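The values are calculated or read from the model by the stated rules, or taken from the named source; none is laboratory data. Just so it is clear, the structure is predicted and the values come from calculations on it, not from any experiment. Cβ placement follows ideal geometry from the backbone for every residue including glycine, while neighbour counts extend to all protein chains displayed. Accessible surface is based on the protein model in full, side chains and every heavy atom, while ligands, DNA and RNA are left aside. Shrake-Rupley method; radii C 1.70, N 1.55, O 1.52, S 1.80 Å.
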Amino acid sequence: MALTGLLLFNTLTGIATLVLICLGLGIIYGMMKIINLAHGEFVMLGAYVTVFAANAGVNLWVAMLILAPVAVGLIGLVVERCFIRFLYGRIIDTMLASWGLSLAIIGIVTSLFGNTVRGISAPLGSFPIGHYRTSLYGVFIIAVAVLAVVGLYALLRMTRFGLVVRATMGNPRMAAALGVAPPRIYMATFALGAGFAGLAGGVLAPVSGVSPVMGAAFIARAFITVLGGGPAIITGTSIASALFGSIDEFATFLTTPVFGQVALLLAAIIMIRFLPQGITGRVFRRSL
Amino acid sequence: MSSVPSGWRGCLLVILAGFVLLFGLPQVVSLYGVVQMTVFVAMAVFALSQGFIWGFGGIMSFGQSAFFGLGGYVYAVSVINMGDSTIPVLLAIAVPAAFAALLGYFMFFGRISDAYVGVITLTVTIILFNVVNSTSGDFYTIGQAALGGFNGMPNVPPLNVPGYPDAAFGPIDTWYFAMGALILVYILLRGILASRFGRVVVAIRENETRVQLLGYDARVYKLLVFTIGGGVAGLGGCIFTNWGAFISPTIFGLASAAQVLIFVLVGGLGTLVGPVLGAFGIEYLISIIGTQQTLNANLVLGAVLVAFVLLVPQGLVPVVWSGIGRLLPRRFAGTGEQTAEAQS
Amino acid sequence: MKLPVPDATPLLEAKGATMRFGGVVAVNEVDFTLREMELRCLIGPNGAGKSTFFKMLTGQLKPSAGQIRLRGENVTGAEPHHIARRGVGIKTQVPNVFNGLSVYENVFVAAGRRKSRASAKRITEQTLERVRLTGITGRMVGQLAHGQRQWVEIATVLAQEPDLILLDEPAAGMTHDEVLRTAELIREINRAQALIVVEHDMQFIRMIATTVTVFNQGRILVEDHVDRVMANQAVRDVYLGKQAA
Ligand SMILES: Nc1ncnc2c1ncn2[C@@H]1O[C@H](COP(=O)(O)OP(=O)(O)OP(=O)(O)O)[C@@H](O)[C@H]1O
Ligand SMILES: [Mg+2]
């Protein structure tokens, strides 16, 4: 019983983690049809910001929930202005360029801070499930993931910004005719996606080893989930996270974390054969 | 797409240059230099696989390193178990090719977009990296071969004269094998491209819909191209493992996957010479960076990638060639070659 | 390739063919029959569903409902290459050519499927002759003018040697002389092959047509002899009113 409870809790934490690392990628992909290969590095930068700020005496919660997303969002803004905007409409070239950025960011961070693993300890202590003890920080991750999804939904559904973004993505010329400049919207969307990546990095910093190459540990799962989710960002990412997170967690429980990833990949490959447009390409098509 | 000499004259010229290098290099450079060039050649074979499937087949594999690494590991594991290297070399080609065929089936028959193909292949290589990285310990041995996790597999036995496991190849023999393989792969790919199969492959890159409407099953062609690319990459991995008698999971890593794309992009998409020269050039650059401390290799590779995508997307060989074409009399320039090729 | 088929079996038969895009019904329960060796013109205002219908016939779109038969064989939802192998060739509205290949290579790829190299070469040369492209065989198709690219595409379709040829606005972007030549070519093709031609140019239609099918809002409005169609008030209202004045 307690074991089931623990497994369930771990699965929920796994799903929440997946949601967090996917949202940023999903926003940029869903809205702009750009697959940002530097996403893992945006997450990494968020983690670095958090670690350095916390070590410099900034309150840990402020560092991870505010500083990390804002800083990485700004970096995203710069990246969009300097590189990405020249490549709109050229999907493969954008992917290549963002991959180049990913390598360059890894290189810069390595040069500046060295190729070492840093960390900050997870706050909040632990709580019991039966005779097991587990980290209370997992509860926090779940809470942040839920808030992020709800917040993003509200942003897109209820604000003027959200309306304009949805209009632009649906039909750029129409939005332009309404007096909205599509380039500004793309810029803002890219920064928003980067900001969510930064948030993921901040929140996950205490539970992962923070190093220049940490992005690679997230990126495979994030890609599979976002593509598996399909065009509707929020619904797709959530459903796919739940699906793949469970597969990952159960396979990991039965074998090792590595085979969790293998199971994930196999599931994804079989899925593209039958649902090439992702889950929301087939069902829930009208959702956000 | 390309204005590079791909007619038979250019092809012969390249093969000739290959043979000059094959026999000439050991005469003029030191043993160290030959060994250094051997790894460049391994990378060039790798680059040819990427250049073939991307530049001609239009297949956006971002994880060609999966097949390169698989070739290396399959060679290492099987040669440790078998002793004689003949079958391991063949396996190092066949296993990655088979893996590519399997993966390709799901991708091409699922009709996913180019971008998805890129992401899926990239994911495959990252996950292979993670898997092999965690195979340390006695549990992960295949026959007598311990996979060794992130430490990799040291002391991989070298190639030998087929049938005589005791007649092991020295560094110079390995050079002849590597360079010979590169020339052979080049000739093979040129031959494929000159065949009618190759014409259809290039036609698919140009316009897949039209090819389908003409009655060709584009999925089968892409699958074959991808499979051939997997086999060639596997051979490259086999040479690479022989060069250092060593293989580790980094071969599957993101840097390795990016590197081969950079070879092709820098050398020139839609050419076969370009990727080879790109591999030589970039590998040389990396070896220089390795000897100094100020610049980080990832930073340089990333910057090169961004710069080429933004500024020179067609790559150096086509740019240089059309530059020469403008300087030379008309007869040698531009479209003449296409006509020759079309009629040949 | 041609099998002895009883006259009763039409070359092409669509029954209740329907194509929906979300809420838009682009083709709505269309029944359409074409005999062997028939030449049919298909007209209708912009957005009537003509190109969509062609895409359904060639397997580029899988019909939402209905059935499509080629010489009795059900090909509904079949892959494009499967349908092409059953003897259907199409010149699409947006030119579908190989921009990075030469004119010769474009036609050669079309001629070469399941044929010996020698006969592929022969067909290529004959076709290039027939559509008068012999002067520019070495040129890259991407560098040609729009009209010439149309000719290249027509050449690839002919080189494929299909039994049924679909032409979606073949005369668009052509000079007056080229239009005349296209009309002539179509009549010549029709001596051995069946065609369906979509065109907006009414003079062109008059030059080639006997039977005309009029599409409007995804449905067939009328199907009749060209003279009666031109005189039909409903057709004038939806379509001709704008153009034939
Ligand atoms: N892929 C698609 N997705 C959504 N709607 C589509 C799609 N293709 C076509 N349509 C719609 O279907 C309708 C029919 O389009 P179609 O291109 O078949 O018209 P057409 O008769 O060929 O017009 P034209 O004379 O302008 O070529 C139009 O309203 C068009 O907007
Ligand atoms: Mg049309």
Highest mean first, what order results for B:320-326, B:189-195 on Cβ atoms within 10 Å?
B:189-195, B:320-326
Got the relative contact order for segment C:12-96 handy, in percent, Cα pairs under 8 Å and 6 or more residues apart?
30 percent
Amide H of residue C:91 versus every other amide H placed in the peptide plane: which residues, excluding those fewer than 5 positions away on the same chain, fall under 5 Å?
C:166, C:167, C:168
Spin-label model distance (nm) - residue C:130 vs residue B:196, 7 Å beyond Cα toward Cβ
1.8 nm
Over all directions, the average projected area of the alpha-carbon convex hull for chain A comes to how many nm²?
15.6 nm²
Value of [θ]222 nm, deg cm²/dmol, for the protein assembly as shown, DSSP H segments ≥ 4, -39500 (n - 2.57) each, nearest 500:
-19500 deg cm²/dmol
Considering chain A as a Gaussian network with a 10 Å cut-off on Cα pairs, which listed residue, A:140, A:250, A:86, attains the greatest mean-square fluctuation?
A:86
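Could you work out the mean count of beta carbons from other protein chains within 10 Å of each residue's beta carbon in B:126-132?
Working: counts 10, 10, 4, 2, 9, 6, 1.
Partner-chain Cβ atoms within 10 Å, mean over residues of B:126-132: 6.
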Summed buried accessible surface, chains A and B, 1.4 Å probe, nearest 100 Å²:
3600 Å²
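Ranked highest first by average number of other Cβ atoms within 10 Å, how do C:105-114, A:51-60, C:210-219 line up?
C:105-114, C:210-219, A:51-60
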Shielding of C:114-125 by partner chains, average beta-carbon count, 10 Å
1
With no solvent term and unit scatterers on the alpha-carbon positions of segment B:1-122, Debye gives log₁₀ I(q)/I(0) at q = 0.16, 0.23 Å⁻¹ of -1.02, -1.24
Distance in nm between pseudo-label sites at residue B:173 and residue A:259 (7 Å out along the Cβ direction from Cα)
4.1 nm
If you take the Cα Rg of segment C:94-161 and divide it by 2.2 N^0.38 Å, with N the number of residues, what do you get?
0.98
Spacing of the two label points (7 Å from each Cα toward its C-beta) at residue A:62 and residue C:181, in nm
7.8 nm
For segment C:15-22, in order, what is each residue's ³J(HN,Hα) by Karplus, 6.51 cos²θ - 1.76 cosθ + 1.60 with θ = phi - 60°, in whole Hz (x at glycine and Pro)?
10, x, 4, 9, 10, 10, 10, x
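Given a Förster radius of 41 Å and the C-beta distance between residue B:109 and residue A:159 as r, what FRET efficiency does 1/(1 + (r/R0)^6) yield to the nearest 0.05? Mind dumping the intermediate values first?
Values: r = 42 Å, r/R0 = 1.04.
Rounded to the nearest 0.05, the efficiency is 0.45.
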In terms of the Cα gyration tensor, with a ≥ b ≥ c the square roots of its eigenvalues, is segment B:111-187 rounded because a/c is under 1.5, prolate because a/b exceeds b/c, or oblate?
oblate
Largest first and to the nearest Å, give the Cα extent of segment C:9-84 along each principal axis.
34, 25, 20
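Quantify how much of the Cα-Cα distance distribution of chain C extends past 22 Å, in percent. Mind showing how you got there, number by number?
Numbers: 16139 of 29890 pairs.
Summing the P(r) of chain C above 22 Å gives 54 percent of all pairs.
Counting only protein chains, not ligands or nucleic acids, how are C:168, B:173, B:138 ordered by accessible area (probe 1.4 Å), most first?
Details: C:168 5, B:173 70, B:138 140 Å².
The ordering from most to least exposed comes out as B:138, B:173, C:168.
Just to verify a number: FRET efficiency for residue B:150 and residue A:147, C-beta to C-beta distance, R0 = 35 Å, to 0.05?
Numbers: r = 37 Å, r/R0 = 1.05.
According to the calculation, E is roughly 0.45.
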Any idea what log10 I(q)/I(0) is at q = 0.05, 0.06, 0.09 Å⁻¹ for the protein assembly as shown, Debye with uniform C-alpha scatterers and no solvent?
-0.33, -0.47, -1.02
Take every Cα pair under 8 Å in chain A that's 6+ residues apart, average their separations, divide by the length, and report that relative contact order as a whole percent.
34 percent
Per-residue Cβ counts within 10 Å, from other chains only, averaged over B:106-117: what number is that?
5
Share of carbon and sulfur in the accessible heavy-atom surface of chain A [1.4 Å probe, %]:
71 percent
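Calculate what fraction, in whole %, of the accessible area of segment B:18-253 sits on carbon and sulfur atoms when a 1.4 Å probe is rolled over the protein chains. Show your work: numbers first, answer last.
Details: 5550 of 7840 Å².
Ligands and nucleic acids excluded, carbon and sulfur give 71 percent.
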Please list, in chain and number order, the residues 5+ apart from residue C:216 or on another chain whose amide H is under 5 Å from its amide H, with Hs placed from the backbone.
C:221
Once phi is turned into θ = phi - 60°, what whole-Hz ³J(HN,Hα) does the Karplus curve with 6.51, -1.76 and 1.60 give for every residue of segment B:309-323, x standing for Gly and Pro?
4, 7, 10, 10, x, 8, x, 6, 4, x, 5, 4, 4, 6, x
Once you keep just the Cα pairs under 8 angstrom separated by 6 or more residues, what percentage relative contact order results for segment B:18-253?
42 percent
Contact surface B-C: accessible area buried, both sides summed, square angstrom, 1.4 angstrom probe:
2700 Å²
Within the set B:86, B:271, B:141, GNM on chain B using Cα springs under 10 Å gives the largest fluctuation to B:141
Roughly how many Å² of residue C:225 are accessible to a 1.4 Å probe, to the nearest 10?
70 Å²
If amide hydrogens are placed 1.01 Å from N in the peptide plane, which non-local residues have theirs closer than 5 Å to the one on residue C:47?
none
In cubic angstrom per residue, the convex hull of chain B built on its Cα atoms measures 150 Å³
